[in-house]
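In what follows, a single structure is set out as structure tokens and then discussed.
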Number of protein chains: 2
Amino acid sequence: MPETLADVGEFGLIDRINKLVQREGVEAPRLSLGIGDDAACFRPQDGYELLITCDCVVEGRHYLPKHIDPQDLGRRSMALNISDIGAMGGQPLYALISLGLKNDTPIADVEAMYLGFLSELNPFEASIIGGNLTKSGNGLFIDITLIGEVEIGKMIRRSTAKKGDAILITGYPGQAALGLELLLHAGADEDWSDHPLVRAYNTPTHRAWEGRAVAQAGYATAMIDTSDGLLGDLGHLCEESGVGALLIQEKLPVSDDLIEASEQLDKDPYHAVLGESDDYELIITCEPENVGRIRDLLNSLNKNPVSEVGTVTDASDGIRLTLPDGTTQAMASSGWDHFAK
Amino acid sequence: MPETLADVGEFGLIDRINKLVQREGVEAPRLSLGIGDDAACFRPQDGYELLITCDCVVEGRHYLPKHIDPQDLGRRSMALNISDIGAMGGQPLYALISLGLKNDTPIADVEAMYLGFLSELNPFEASIIGGNLTKSGNGLFIDITLIGEVEIGKMIRRSTAKKGDAILITGYPGQAALGLELLLHAGADEDWSDHPLVRAYNTPTHRAWEGRAVAQAGYATAMIDTSDGLLGDLGHLCEESGVGALLIQEKLPVSDDLIEASEQLDKDPYHAVLGESDDYELIITCEPENVGRIRDLLNSLNKNPVSEVGTVTDASDGIRLTLPDGTTQAMASSGWDHFAK
């Protein structure tokens, strides 16, 4: 029988987590007081603003427990919060982890989740400074609050895109959506965990380094991450900025893996690229003369593609897509709505 | 049929919440960017450190949905976070609310919860700056992250009590525990919601104003709130400070309401005062010559009692209680363990 929460109790588990965080984590800068008092305490840095975001991952809703191991679940939960800080141009600093756990959750699983959290935080020299544990009768949840910092004047918002700006997208949005489809269609005895699209779904990569670099350089007019899918988040950006967008289908990035999986699943690959998907890529808008500069900057960081996919237009145009035959059609900005259906 | 989340969708609900927060909330100072982007942003104040805490309230675990209305549930969830900031000597500034909601949760209930959050935040000129909504299949949860600030050098920790210090307690710990007992023993057709102890359980009062005043004055050596009960949190304070404690039973504060309810429930009132209870009072330690100063300071704020209940001793003594007959007995620091039993 694996050791469970019922065996060690809340304070026993807190003690185990503290030791793991001290052993495997890094010490974040300017922390006055970490885990262990009524609140954590840190001293902000002159010349910086603070960014704060929270995102929650719920068993059965945002992940399938039989298809993801606890360490990857931890990585994924932290990556999507890091993505939000990066999409503002910020640097992650401190995380608080609120866990809802079942009485029979193995302690080893909780520790593996923390290893996942730390593997995403350590590269930023960010640390876990607090949190909360509670028993949740019916299903685990992981609610993370992440604090970051950004130099005053360097933050990039989603609400500041301008007509005439170019629209860029990093990576291959839609891969996570098809990864999830592959898992849902898998036979009981099939292990798809190493398929690149399943990896894209279970352990998505944030683009926080990229977002930070773009913000530092000052080349972007607006930025958002694609947690609701390309069209959904482009829709948020357009609505908040009071603009429209024209996308060119032929310019949308489509990976070979995605084309292959689309054929296998009998799906339109562009539906995956544009629709709901948990990829955490960045949509960046910029003045046309900065496209090359942003591309060069991001290419200097890694080999992930940066695609110029369209142009910011008038709000009255809404979001439209030019098809390969030259015709243009209006798109619904169908993002990920947690309560729809 | 009341309007539900399934009717308005996630983004519809977010829009409703934003409008309510703008209408009923106050604008917190130094906020660069509130609800509506990938992260919120604020500019910290020179000379201050930032405090951050999170606490989660789960349906069926921390509250009984049939016994508390949504607005009181909101108040209670926020009060316990405010209590944590106050117990460090801090001033609440910004809250992030992460809600796990059921598909059939009435929108009116969610709005009432937000009114409850705001009724606790507004007196501090603190505001809601972000959050997250997710569907939770089996039971509602409210996870709040609260940020506060404290002047550099003024924070009060739980780990700095010294042998010989006096131990003070605010209010009447244990009232919430008996309030819960009254609810659990109530007949199906009885409404106990206005009983003072039930009020103490459902809408506990934080002591953040008191905690802040004590910290500003610099009179305390250590401080903690009683979210785990008097003995439980005194145990945390002693463990972190490396000290013991001697309590005098006759000095423990026992309200008339608590005595009456104890008789009704056939319970020892001191078991309630010392044991697990969700009261959010403050345990304060100080040098003996500062007892009168702290009492005067807190009496100038309100009429809540401040009781000197014992003395900080050597760690090797553990926590002991002197009974009315003059004998002294060792106490187990039995706090609230979420996974015990």
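For GluC sites (Glu not before Pro), the sites in segment B:86-166 that DSSP calls loop and that have at most 15 other Cβ atoms within 10 Å are B:GLU125. Straight-distance candidates among the aspartates and glutamates for linking to B:LYS154, with alpha-carbon spacing under 16 Å and chain neighbours fewer than 8 residues away dropped: A:ASP37, A:ASP38, B:ASP46, B:GLU49, B:ASP84, B:GLU210. The separation of segment A:145-201 from segment A:214-280, counted between C-alpha centres, amounts to 9 Å. If a spin label sat at a point 7 angstrom from the Cα of B:ILE14 along the line to its beta carbon, the backbone N atoms of segment B:23-45 nearer than 11 Å would be those of B:35-39.
How do A:241-250, B:170-179, A:302-311 rank on mean C-beta neighbours within 10 Å, highest first?
Details: A:241-250: 19.8, B:170-179: 27.4, A:302-311: 16.7.
Descending mean neighbour count gives B:170-179, A:241-250, A:302-311.
Cβ crowding within 10 Å ranks B:VAL291, B:VAL26, A:VAL110, A:VAL273 as B:VAL26, B:VAL291, A:VAL110, A:VAL273, fewest other Cβ atoms first.
In what sequence do B:MET78, B:MET155 fall when counting other Cβ within 10 Å, fewest first? Could the numbers behind the result be given before it?
Working: B:MET78 29, B:MET155 20.
The order, fewest Cβ neighbours first, is B:MET155, B:MET78.
Cross-link reach is defined here as a Cα-Cα straight distance under 29 Å, omitting same-chain residues fewer than 8 places apart; for A:LYS267 the lysines meeting it are A:LYS66, A:LYS251, A:LYS303, A:LYS341, B:LYS135. A label point on A:ARG320, set 7 Å along the Cα-to-Cβ line, lies at 8.5 nm from each of its counterparts in the other copies, closest listed first. Plainly put, the tip 7 Å out from Cα toward Cβ on A:GLN264 is 6.5 nm from that tip on each other copy, the closest given first.
Rounded to the nearest whole angstrom, the semi-axes of the ellipsoid equivalent to segment A:5-151, taken from the Cα gyration tensor as √(5λ), stand at 25, 17, 12, largest first.
If you put a point 7 Å past Cα along the Cβ direction, how far is that point for B:GLY218 from the same point in each other copy, in nm, smallest first? So the distances to the same position in the other copies read 4.3 nm.
Comparing chain A with the 2.2 N^0.38 Å rule of thumb, its C-alpha radius of gyration ratio is 1.03 (two decimals). Calculated on the Cα set of the protein assembly as shown, radius of gyration then Dmax: 26.4, 95 Å. Listed values for segment B:14-31 are Karplus-derived 3J(HN,Hα) couplings in whole Hz (6.51 cos²θ - 1.76 cosθ + 1.60, θ = phi - 60°), namely 4, 4, 4, 5, 4, 5, 5, 5, 5, 6, 9, x, 10, 8, 6, x, 6, 8, and x replaces Gly and Pro.
A helix-only calculation puts chain A at -11000 deg cm²/dmol for mean residue ellipticity at 222 nm, using -39500 (n - 2.57) for each DSSP H run of at least four residues, averaged over all residues. Between segment B:291-305 and segment A:312-328, the alpha-carbon centres lie 68 Å apart.
Placing unit charges on the Cβ atoms of the charged side chains and taking the dipole of the protein assembly as shown about its Cα centre, the candidate lying farthest along the positive direction among B:LEU183, B:VAL26, B:THR328 is B:VAL26. For segment A:166-331, the Kirkwood estimate of hydrodynamic radius, built from reciprocal distances between every pair of different alpha carbons, is 16.3 Å.
How big is segment A:197-295 by the Kirkwood estimate over distinct Cα pairs, in Å? Working shown, then result.
Numbers: mean 1/r = 0.0678 Å⁻¹.
Hydrodynamic radius (Kirkwood, Cα pairs) of segment A:197-295 is 14.7 Å.
The string of couplings for segment B:152-161 from the Karplus curve (6.51, -1.76, 1.60, θ = phi - 60°) is 4, x, 9, 4, 10, 9, 8, 9, 10, 6 Hz, one whole number per residue in order, with x for Gly and Pro. Dipole check for the protein assembly as shown: with +1 at the C-beta of Lys and Arg, -1 at the C-beta of Asp and Glu, and the Cα centre as origin, the magnitude is about 1400 Debye.
Quick note: the coordinates plus some simple rules give every number you see, no bench work behind them. Please read these numbers as outputs of a predicted model, since none were measured by experiment. Reconstructed Cβ throughout: ideal geometry from the backbone, glycine too, with neighbour counts over all protein chains shown.
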